[in-house]
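The values are calculated or read from the model by the stated rules, or taken from the named source; none is laboratory data. From a predicted model like this one, the values you see are computed outputs, not experimental measurements. Cβ placement follows ideal geometry from the backbone for every residue including glycine, while neighbour counts extend to all protein chains displayed.
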Amino acid sequence: MKYLKYSLLALIMTTLIGCGAYSFTGADIGEAKTFQVNYFQNNAALIEPGLERDFTISLQDLIQNQTSLSLVNSNGDLVYEGEITEYRISPTTATSSSTAAQNRLTIGVKVRFYNKKDDEKDFEKSFSFFYDYEGSELLTSTIKATAFEEIFERLTQDIFNASLANW
């Protein structure tokens with residue numbers, strides 16, 4: 001019985017050690033210990049104040065919540081940088097009186113990802129997502145907060161999947 005306990009403990013330890021650089025979210029962080037997210041400059045034609053700060057923080061939060069990586073300001077093993085390239089509001093459907101029945105807010109970002117532990121995983125890609133809202137509503141306060149939350153959630157998850165998901 002005593003040997004069974006030790007064997008079971010050894011099996012569990014081996015299994016946990018074998019999981020190594022994987023997290024429960026499926027992230028493959030390899031040998032990386034740290035990450036940095038450089039400030040995403042807003043280069044969109046239409047500028048929304050604070051958008052770049054909110055997006056940068058959103059990406060940092062997602063990576064911190066889904067990995068064991070430590071956030072650093074410089075010399076990160078994994079580096080995310082880029083710019084906001086699109087912030088656009090456009091009508092998607094019209095009413096019979098030629099007014100917008102529904103509008104769409106689209107936010108696009110260009111991301112450069114550098115993995116200092118494995119440069120074959122480096123990339124430069126563009127990501128975008130949108131939020132639809134009623135044409136009779138203005139994109140202010142609550143609607144804007146909901147739109148940003150939904151768009152950022154999708155954008156940051158897409159960036160995370162492109163850089164760290166290995167499936």
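Here are some conditions: (1) more than 13 Å from the chain's Cα centre (by Cα); (2) at pLDDT 95 or above. Ser136 meets all but one. Which one does it not meet?
(2)
Just wondering, is there one or more residues in the range 114-124 that are modelled with pLDDT of 95 or more, within 22 Å of the chain's Cα centre (by Cα) and closer than 17 Å to Ile57 by Cβ?
No.
Any residue that is within 20 Å of Ile151 (Cβ to Cβ), of a type in the set (Ser, Thr, Tyr), at pLDDT below 95 and in a strand (DSSP E or B) - is there at least one of those in the range 91-101?
yes
Right, Thr146: more than 20 Å from the chain's Cα centre (by Cα) and of a type outside the set (A, V, I, L, M) or not?
So Thr146 fails the test.
Among Tyr133, Tyr114, which is in contact (Cβ under 8 Å) with a residue 24 or more places away in the chain, of a type in the set (Ser, Thr, Tyr), under 20 Å from Gly50 (Cβ atoms) and surrounded by 17 or more Cβ atoms within 10 Å (Cβ to Cβ)?
That would be Tyr133, the only listed residue that is in contact (Cβ under 8 Å) with a residue 24 or more places away in the chain, of a type in the set (Ser, Thr, Tyr), under 20 Å from Gly50 (Cβ atoms) and surrounded by 17 or more Cβ atoms within 10 Å (Cβ to Cβ).
Can you go through Asp119, Asp158, Asp77, Asp61 and tell me which one is surrounded by 18 or more Cβ atoms within 10 Å (Cβ to Cβ) and acidic (Asp, Glu)?
Asp77
Give the residues of the range 108-158 that are farther than 27 Å from Ile29 by Cβ, in contact with a strand residue (DSSP E or B) (Cβ under 7 Å, 6 or more places away or on another chain), of a type in the set (A, V, I, L, M, F, W, C) and not in a loop (DSSP other than H, G, I, E, B), sorted by residue number.
Phe130, Ile143, Ala147
How do the pairs read when you match residues in the range 49-67 that are touching a residue at least 60 places away in the same chain (Cβ under 8 Å) and under 17 Å from Ala165 (Cβ atoms) with residues anywhere that are among the charged types (D, E, K, R) and surrounded by fewer than 16 Cβ atoms within 10 Å (Cβ to Cβ), using Cβ under 9 Å and keeping only pairs 6 or more apart or on different chains?
Cβ pairs passing all conditions: Leu62/Glu153.
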